[in-house]
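I have placed the structure first, in the form of structure tokens, so that the comments after it can refer back to it.
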Amino acid sequence: IVFGDTNSTLAGALAAAKLHIPVAHVESGLRSFNLRMPEEVNRRLTDHMASILFCPSPNAVANLASEGITDGIHLTGDVMFESLQHTLALVGDGRTVLDSFGLVPGSYALATVHRSENTDDPERLSQIVLGLADVGADGLEVIFPVHPRTRQRLDRGLAASGVRMIDPVGHPEAMALARDAAVVLTDSGGLQKETYWLGTPCV
């Protein structure tokens, strides 16, 4: 059983296929249609090796059918949605999380940047930082949990522009921050889905 679209997902599927062990893929059929994304390559190859495919949505089922995959498909719903519901039950009203950062609901933007095509390209990262600084300069404080690798590449003067760089936070804290943000600014596909379910505007 393999999940999602990581390198380990593809490695597990390939190892099982070579050993003639049936592969079950959870979150099967999702597509960005961008083969430059490593995740897209991983999910497509994994789906074509899997004999049991657990799809989160009717669109995922249709994507598989368009690639000639019609056997072993099960429309199961989205495990990320169930995970989010579990996480929200843990954080409750989220006041403890917001209070720890001195935040009021709706008074801030939450930003995340982690994709290698953004963090490893100095010009692209610079433009993203300028965009976040513009949001901060307009009076909406940007809360930016920064991965250590990304932090090394950022201008130390960024905090003066209304962007508050903080250490990475766990999933419960991230969901509390996302739920109560005025807007979320992210390159994360997972966070985009979560903000949709939370009803938080997302760029």
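The tail of the calculated P(r) for region 91-203, taken as Cα-Cα distances beyond 24 Å, holds 18 percent of the pairs. Going by Cα centres, region 176-203 and region 79-106 are how many Å apart? Cα centres, region 176-203 to region 79-106: 12 Å. Distance between the C-alpha centres of region 120-138 and region 1-65: 34 Å, rounded to the whole angstrom. The ellipsoid equivalent to the alpha-carbon distribution of region 89-139 has semi-axes of 28, 16, 7 angstrom, derived from the gyration tensor eigenvalues as √(5λ) and listed largest first. Taken over region 47-148, the percentage of Cα pairs per 5 Å bin, counting from 0 up to the bin with the maximum distance, is 2, 10, 12, 11, 11, 12, 15, 13, 9, 4, 1.
Take the solvent-accessible surface of the protein heavy atoms, probe 1.4 Å, and return the percent of it on the chain that carbon and sulfur atoms account for. Roughly 58 percent, rounded to a whole number. By the helix-only formula, in which each DSSP H run with n ≥ 4 contributes -39500 (n - 2.57) and the sum is divided by residues, the chain has a 222 nm mean residue ellipticity of -13500 deg cm²/dmol. Phe144 sits among other residues whose Cβ lies under 12 Å from its own Cβ, and their net charge, with Lys and Arg +1 and Asp and Glu -1, is 0. Based on protein heavy atoms only, the chain ends up with 53 Å² per residue of surface accessible to a 1.4 Å probe.
Legend: P(r) of the chain from all alpha carbon pair distances, 10 Å bins from 0, whole percents, reading 8, 29, 30, 22, 9, 1.
The values are calculated or read from the model by the stated rules, or taken from the named source; none is laboratory data. Note that the coordinates shown come from a computational prediction; the quantities given were computed from them, not determined experimentally. With ideal geometry, Cβ positions are generated from the backbone for all residues, glycine too; neighbour counts draw on all protein chains shown. Calculation scope for accessible area: heavy atoms of the full protein, side chains included, ligands and nucleic acids excluded. Shrake-Rupley method; radii C 1.70, N 1.55, O 1.52, S 1.80 Å.
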